[in-house]
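Written below as structure tokens is the structure these notes are about.
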Amino acid sequence: MKWIAVMLAALLASANVSAELLEGSVFQPNGENLIIQTPPNWRMAYMNGDPGSDYVVEFLPPNEAHDSWREGYMSVQRRTLPGSALMDGIRARQLTLSSVAVGEVLQNVQRNCAGKFMQMRQKDTLTGSAPTSISGGFCDRYGAAAPYGEGSVFAVVEGKKSLFVVQFGWRPATQDENKQFGYRISPERLQVYLDLLNRAVLCGADDEPACPK
């Protein structure tokens, strides 16, 4: 498995990054970051954004294409924290930004699901001392790109300087693939994704470890 920050540094030092395999632009983010491992042998497929602000980076298994993946998908987004007024309102309701954000993501997924959406139970936890919320689910009809449905599990981590959103996705390749499982993914595969989320570490802000270079 590869650490994302270490992999970015290796790509930047290499002159052999293929434009056919990687879309967007590669850069080394600075400031606060989320260190999380990718599944074994997955490659970076897309990156874009601002090294000092919001960005997104996506990973795919070998031989999968960015616009037609099936086996799996991973994305990490860094987003700017909302203003103090909104944060104060969330805290006044005794909520966390991560739990509110997960709720909004789930509502958006349900709106975009043309069929039935089966939601996972939401888990509120911590990444170090950072509020973190994890959830996901499966939509059984998600358009031409996923004719047999699409599932995902994702986490929102509220850092000290930024908000991080990590998503793992899967799409059954046939109508019957993994149909015996509620979210159309084997429990073992789902646990791999959950373990990666649970092992994530924040770095680069006050009282956080330095990020790998």
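The values are calculated or read from the model by the stated rules, or taken from the named source; none is laboratory data. Everything numeric here is computed off the predicted structure, so don't read it as measured data. Glycine gets a Cβ as well: all are built from the backbone with ideal geometry, and neighbour counts include every protein chain shown.
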Residue count, the range 189-204, condition among the aliphatic types (A, V, I, L, M) and loosely packed, with under 13 Cβ neighbours inside 10 Å, comes to 0
Please enumerate the residues belonging to the range 172-200 that are more than 13 Å from E150 (Cα to Cα) and touching a Ser or Thr at 6+ places or on another chain (Cβ under 7 Å). A200
Subset of the range 44-57, residues surrounded by fewer than 20 Cβ atoms within 10 Å (Cβ to Cβ) and either in contact with a Pro (Cβ under 6 Å, 6 or more places away or on another chain) or part of a strand (DSSP E or B) (or both), comes to Y46, N48, G49, P51, V56
Which numbered condition Y142 fails, given (1) within 19 Å of the chain's Cα centre (by Cα); (2) modelled with pLDDT of 95 or more: (2)
So, in the range 89-123, of the ones that are part of a strand (DSSP E or B) and more than 16 Å from the chain's Cα centre (by Cα), which residue ends up nearest to S162 (Cα to Cα)? Q119
On the basis of being part of a loop (DSSP other than H, G, I, E, B) and not aliphatic (A, V, I, L, M), does D195 make the cut? no
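For (1) in contact with a strand residue (DSSP E or B) (Cβ under 6 Å, 6 or more places away or on another chain); (2) in contact (Cβ under 8 Å) with a residue 60 or more places away in the chain, each residue gets a yes or a no:
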site	(1), (2)
V100	no, no
A145	no, yes
Y148	no, no
G151	yes, no
V157	yes, yes
L190	no, no
L197	yes, yes
L202	yes, yes
What tally of residues in the range 176-188 results from selecting those that are surrounded by fewer than 16 Cβ atoms within 10 Å (Cβ to Cβ) and either touching a residue at least 40 places away in the same chain (Cβ under 8 Å) or not hydroxyl-bearing (S, T, Y) (or both)? 7
Would you confirm whether any residue within the range 157-166 is crowded, with 19+ Cβ neighbours inside 10 Å, over 16 Å from the mean Cα position of the chain (by Cα) and part of a loop (DSSP other than H, G, I, E, B)? no
Working carefully through the options A130, A146, find the one that is buried (at least 18 other Cβ atoms within 10 Å of the Cβ) and within 23 Å of G31 (Cβ to Cβ). A130
